[in-house]
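What follows is a set of notes on a single structure, which appears directly below.
The values are calculated or read from the model by the stated rules, or taken from the named source; none is laboratory data. Since we're looking at a predicted model, the values are computed, not measured. Cβ sites come from the backbone with ideal geometry, for glycine too, and all protein chains shown count toward neighbours.
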Amino acid sequence: MLHDLCGRTHQVSANEDIIGEGERPENVHLVMEGFACRYKLLSDGKRQIMALLVPGDFCDLHIAILGEMDHSIGTGWGCTCVKIPRATINDLTTNHPRIARALWWATLTDEGTLREWLVNMGQRRADKQMAHLFCELLVRLQTVGCADEDSFEFPISQSDLADTLGVTPVHVNRVLQELRAQNLIVWRSKRLQILNVERLKAFCDFNPNYLHLTRRANGDSSE
Amino acid sequence: MSLQLQPVRVKTGSHDTEGQLVFTDGLLVAVLVRLSEDHEGKAGMWFLEAGFDGAEERTHPTFADLDAAQEWIQRRLDGC
């Protein structure tokens with residue numbers, strides 16, 4: 001059944017919204033390729049990106065239950081999604097407990113990631129915050145086979161990165177220069193390479209526990 | 001305009017070292033830094049490195065020149 005669902009992919013163009021704030025669509029979107037993001041636009045035009053969504057991430061699973069979107073989901077870079085009808089999600093959660101548990105796991109992991117981003121934003125210096133995001137993306141993308149041992153496609157702009165970290169593009173530029181100068185990263189041709197993964201993880205005190213990648217010993221799985 | 005400027009060198013951890021302290025009535029209210037060539041399209045513009053008493057902004061604005069920066073700081077001090 002899941003295989004059938006994943007056959008119906010559609011391409012979302014760069015700078016297109018997958019779903020906008022206030023909408024209540026009939027489909028849930030699953031990212032298959034590329035990057036999408038959760039974001040909120042303020043009345044003065046400022047934007048905060050609250051999550052980066054990579055292949056395997058549900059964009060809007062909760063919309064099957066909640067009334068309407070309280071934020072927007074879009075892609076500044078283009079991505080491929082699958083639309084899963086809300087009725088199918090309801091059927092899966094009602095009649096397939098293992099899948100329901102996996103969807104629950106996905107939601108809890110999203111929350112864990114959001115908590116870590118909050119810690120990053122509130123307590124980590126901008127250079128460590130950025131390093132932490134790079135370590136997180138490497139691990140998440142490796143999990144779904146979209147990164148090699150030390151690099152991944154990273155199509156976003158410095159301005160997108162600034163809106164993700166909640167710092168100015170000037171600070172992003174300075175921090176990138178600093179991380180490059182320390183031989184920690186190379187970001188070229190839309191590909192981010194981490195030159196020494198263990199050193200970068202140590203630099204930003206990265207602990208992937210919030211991604212909940214290990215299964216419980218009782219055999220419950222995330223799939 | 002009641003603001004006074006004083007050139008200063010700022011250690012920002014980058015090539016952006018040319019700065020101006022901005023005073024109002026003898027009190028420091030902002031630190032502006034001129035963006036270096038590292039910033040390409042924004043090189044030469046003035047970045048609000050720090051501001052006080054209303055002349056701060058979480059998103060640290062960038063200004064085309066010192067006049068624009070001072071106008072913004074003055075507006076903030078005036079409570080606008």
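Return yes when B:Leu3 is closer than 22 Å to A:Ala126 by Cα and either at pLDDT 95 or above or under 11 Å from the mean Cα position of the chain (by Cα) (or both) and no when it is not. Can you show your working first?
Values: closer than 22 Å to A:Ala126 by Cα: no; either at pLDDT 95 or above or under 11 Å from the mean Cα position of the chain (by Cα) (or both): yes.
Spelling it out, it is not the case that B:Leu3 is closer than 22 Å to A:Ala126 by Cα and either at pLDDT 95 or above or under 11 Å from the mean Cα position of the chain (by Cα) (or both).
Please identify the pairs in which a residue from the stretch A:29-41 that is within 21 Å of A:Lys190 (Cβ to Cβ) has its Cβ atom under 7 Å from the Cβ atom of a residue that is charged (D, E, K, R), counting only partners at least 6 apart or on another chain.
Between residues of the stretch A:29-41 that are within 21 Å of A:Lys190 (Cβ to Cβ) and residues that are charged (D, E, K, R), the close pairs are A:Val31/A:Asp57; A:Tyr39/A:Arg47.
Applying the selection to the stretch A:129-162, what residues are in a helix (DSSP H, G or I), surrounded by fewer than 19 Cβ atoms within 10 Å (Cβ to Cβ) and not polar (S, T, N, Q)? Outline the logic, then answer.
First, pick out the residues of the stretch A:129-162 that are in a helix (DSSP H, G or I): A:129-143, A:158-162.
With the extra rule that they be surrounded by fewer than 19 Cβ atoms within 10 Å (Cβ to Cβ), the set shrinks to A:139, A:142-143, A:158-159.
Once the filter is applied, which keeps residues that are in a helix (DSSP H, G or I), surrounded by fewer than 19 Cβ atoms within 10 Å (Cβ to Cβ) and not polar (S, T, N, Q), the stretch A:129-162 yields only A:Val139.
Taking the stretch A:166-208, which residues are within 12 Å of chain B (Cβ to nearest Cβ), surrounded by 17 or more Cβ atoms within 10 Å (Cβ to Cβ) and among the aliphatic types (A, V, I, L, M)?
Once the filter is applied, which keeps residues that are within 12 Å of chain B (Cβ to nearest Cβ), surrounded by 17 or more Cβ atoms within 10 Å (Cβ to Cβ) and among the aliphatic types (A, V, I, L, M), the stretch A:166-208 yields A:Val167, A:Val170, A:Val172, A:Val175, A:Leu176, A:Leu179.
Which of the strands (runs of 3 or more DSSP E) contained wholly in chain B include at least 3 residues that are within 15 Å of A:Val170 (Cα to Cα) and within 11 Å of chain A (Cβ to nearest Cβ)? Walk me through it before giving the result.
Details: elements: B:3-9, B:18-24, B:27-34, B:46-51.
Output list reads B:46-51.
Considering only the stretch A:115-128, how many residues are surrounded by fewer than 18 Cβ atoms within 10 Å (Cβ to Cβ) and among the small types (Gly, Ala, Ser)?
Qualifying residue count, the stretch A:115-128: 1.
Does the stretch A:176-189 contain any residue that is assigned to a loop (DSSP other than H, G, I, E, B) and in contact with a helix residue (DSSP H, G or I) (Cβ under 6 Å, 6 or more places away or on another chain)?
Applying the first criterion (assigned to a loop (DSSP other than H, G, I, E, B)) to the stretch A:176-189 yields A:182-184, A:189.
If we keep only those that are in contact with a helix residue (DSSP H, G or I) (Cβ under 6 Å, 6 or more places away or on another chain) too, we end up with A:184.
Yes - at least one qualifying residue is present in the stretch A:176-189.
For A:Arg86, state whether it is of a type in the set (Lys, Arg), modelled with pLDDT of 90 or more and surrounded by 15 or more Cβ atoms within 10 Å (Cβ to Cβ). It would help to see each step written out before you state the result.
Working: of a type in the set (Lys, Arg): yes; modelled with pLDDT of 90 or more: no; surrounded by 15 or more Cβ atoms within 10 Å (Cβ to Cβ): yes.
Considered against the rule, which asks whether it is of a type in the set (Lys, Arg), modelled with pLDDT of 90 or more and surrounded by 15 or more Cβ atoms within 10 Å (Cβ to Cβ), A:Arg86 comes out as no.
Can you pull out the residues in the stretch B:62-80 that are of a type outside the set (Lys, Arg) and either at pLDDT below 95 or crowded, with 17+ Cβ neighbours inside 10 Å (or both)?
Taking the stretch B:62-80 and keeping what is of a type outside the set (Lys, Arg), we get B:62-74, B:77-80.
Correct list: B:Thr62, B:Phe63, B:Ala69, B:Gln70, B:Trp72, B:Ile73, B:Gln74, B:Leu77, B:Asp78, B:Gly79, B:Cys80.
Can you tell me which residues in the stretch A:108-136 are more than 13 Å from the chain's Cα centre (by Cα) and aliphatic (A, V, I, L, M)?
A:Leu108, A:Leu118, A:Val119, A:Met121, A:Ala126, A:Met130, A:Ala131 - these are the residues of the stretch A:108-136 that are more than 13 Å from the chain's Cα centre (by Cα) and aliphatic (A, V, I, L, M).
Taking A:Gly122 as the residue in question, decide whether it is in contact (Cβ under 8 Å) with a residue 12 or more places away in the chain and within 14 Å of chain B (Cβ to nearest Cβ).
Values: in contact (Cβ under 8 Å) with a residue 12 or more places away in the chain: no; within 14 Å of chain B (Cβ to nearest Cβ): yes.
It is false that A:Gly122 is in contact (Cβ under 8 Å) with a residue 12 or more places away in the chain and within 14 Å of chain B (Cβ to nearest Cβ).
Restricting attention to the stretch A:68-90, does a residue exist that is of a type in the set (Gly, Ala, Ser) and at positive phi?
Restricting attention to the stretch A:68-90, the residues satisfying the condition of being of a type in the set (Gly, Ala, Ser) are A:72, A:74, A:76, A:78, A:87.
Cutting the leftovers down to at positive phi gives us A:78.
Checked against the condition, which is being of a type in the set (Gly, Ala, Ser) and at positive phi, the stretch A:68-90 yields at least one hit.
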